[in-house]
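Student: Have a look at this one.
The values are calculated or read from the model by the stated rules, or taken from the named source; none is laboratory data. The structure displayed is predicted, hence computed values, not measured ones. Positions of Cβ are generated from backbone atoms using ideal geometry, with glycine treated the same way; all protein chains shown enter the neighbour counts.
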Ligand SMILES: C[S@@+](CC[C@H](N)C(=O)[O-])C[C@H]1O[C@@H](n2cnc3c(N)ncnc32)[C@H](O)[C@@H]1O
């Protein structure tokens, strides 16, 4: 009897990527995944997903390329300037005052899905400018699922084009010219750390004042967004803040965990249950 060979599908691709890299694309929105895989296979001239998977088997370097284009690393310094304006003019003063009133000396920010570091450094620079050497000790933790992106972030070196949004006075104060562009100065680099972390695994921090997770969860399926947002809730200090991307929102079961402070900036504040299960 003639047995038909099974044609490999996008689900097989997802399983293969998970087995090779640990990245679980079944948690991402299928439309984006299909679109990006189709685009890539057309570019390479493969008839169907089956042929493309065989190409992947034979070209291990393609695996990294594919996971990079699916997880999307687009970022820039001070991306959405109004968000960073709100951050330094509204959020930071309120947070620092609260810290002072509670004799707090640490300010901890998590840039989750930080890509190549621009977001984390932008935050560290604004905090440094605001604190101007006062007694509060600030630390920004940048994490991303991509090891390559984290390595670039750790290098802290950017081209002139990548720094186009950075005002001259900030460039002069926080960067020094290097062979390939500009390097973030060691003084500010020391306030930021980068590590590889998958948002679908246990959070690596606690006692966080602000979680910044922008333009990351938009690629996740709804139920997984809720899982990640619940993790953010668990690591935030009471009244801690969550900043999402402009086209993202807290939703579903997390609606009673966060209060929206500003709809255009997408800033949320953690809601804490009291001992009776009520909200405060
Ligand atoms: C579009 S970038 C956003 C960078 C930055 N937050 C911004 O808005 O400019 C999305 C980043 O999320 C990361 N990412 C995707 N899935 C992730 C996951 N499961 N865990 C951690 N990071 C993830 C990607 O590697 C990518 O660097």
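Student: Every residue in segment 133-144 that is at pLDDT 95 or above and either out of contact with any strand residue (DSSP E or B) (no Cβ under 6 Å at 6 or more places or on another chain) or within 16 Å of the ligand (Cβ to nearest atom) (or both), please.
Tutor: 140, 141, 142, 143, 144, listed by residue number.
Student: Shifting gears a bit: It is to be established whether one or more residues within segment 230-238 are loosely packed, with under 15 Cβ neighbours inside 10 Å, at pLDDT 95 or above and touching a helix residue (DSSP H, G or I) at 6+ places or on another chain (Cβ under 7 Å).
Tutor: So far as segment 230-238 goes, yes, one or more of its residues are loosely packed, with under 15 Cβ neighbours inside 10 Å, at pLDDT 95 or above and touching a helix residue (DSSP H, G or I) at 6+ places or on another chain (Cβ under 7 Å).
Student: For segment 191-202, which residues satisfy the criterion of being within 11 Å of the ligand (Cβ to nearest atom) and either in contact with a helix residue (DSSP H, G or I) (Cβ under 7 Å, 6 or more places away or on another chain) or under 14 Å from residue 111 (Cβ atoms) (or both)? Give the steps one after another, and end with the answer.
Tutor: Residues of segment 191-202 that are within 11 Å of the ligand (Cβ to nearest atom), as a first pass: 195-201.
Within segment 191-202, 195, 196, 197, 199, 200 qualify.
Student: Go through segment 209-224 and give me each residue that's buried (at least 22 other Cβ atoms within 10 Å of the Cβ), more than 8 Å from the ligand (Cβ to nearest atom) and under 13 Å from residue 113 (Cα atoms).
Tutor: Once the filter is applied, which keeps residues that are buried (at least 22 other Cβ atoms within 10 Å of the Cβ), more than 8 Å from the ligand (Cβ to nearest atom) and under 13 Å from residue 113 (Cα atoms), segment 209-224 yields 211, 217.
Student: Could you pull out the residue among 19, 61, 7 that is assigned to a loop (DSSP other than H, G, I, E, B), exposed (fewer than 15 other Cβ atoms within 10 Å of the Cβ) and either in the same structural domain as residue 232 (by TED's automatic domain parsing) or away from the ligand (no atom under 16 Å from the Cβ) (or both)?
Tutor: Working: 19 fails: assigned to a loop (DSSP other than H, G, I, E, B); 61 fails: assigned to a loop (DSSP other than H, G, I, E, B).
Going through 19, 61, 7 in turn, the sole match is 7.
Student: Which numbered condition trips up residue 130, out of (1) more than 11 Å from the ligand (Cβ to nearest atom); (2) in contact (Cβ under 8 Å) with a residue 60 or more places away in the chain?
Tutor: Here residue 130 clears every test but (2).
Let's see how each residue does on (1) at pLDDT 95 or above; (2) at positive phi; (3) touching a strand residue (DSSP E or B) at 6+ places or on another chain (Cβ under 9 Å); (4) crowded, with 18+ Cβ neighbours inside 10 Å:
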position: 75; (1), (2), (3), (4): yes, no, no, yes
position: 82; (1), (2), (3), (4): yes, no, no, no
position: 112; (1), (2), (3), (4): yes, no, yes, yes
position: 121; (1), (2), (3), (4): yes, no, yes, yes
position: 131; (1), (2), (3), (4): no, no, yes, no
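Student: Let me ask something additional. If you check residue 42 against the conditions, is it more than 12 Å from residue 219 (Cβ to Cβ) and in contact (Cβ under 8 Å) with a residue 24 or more places away in the chain?
Tutor: It is false that residue 42 is more than 12 Å from residue 219 (Cβ to Cβ) and in contact (Cβ under 8 Å) with a residue 24 or more places away in the chain.
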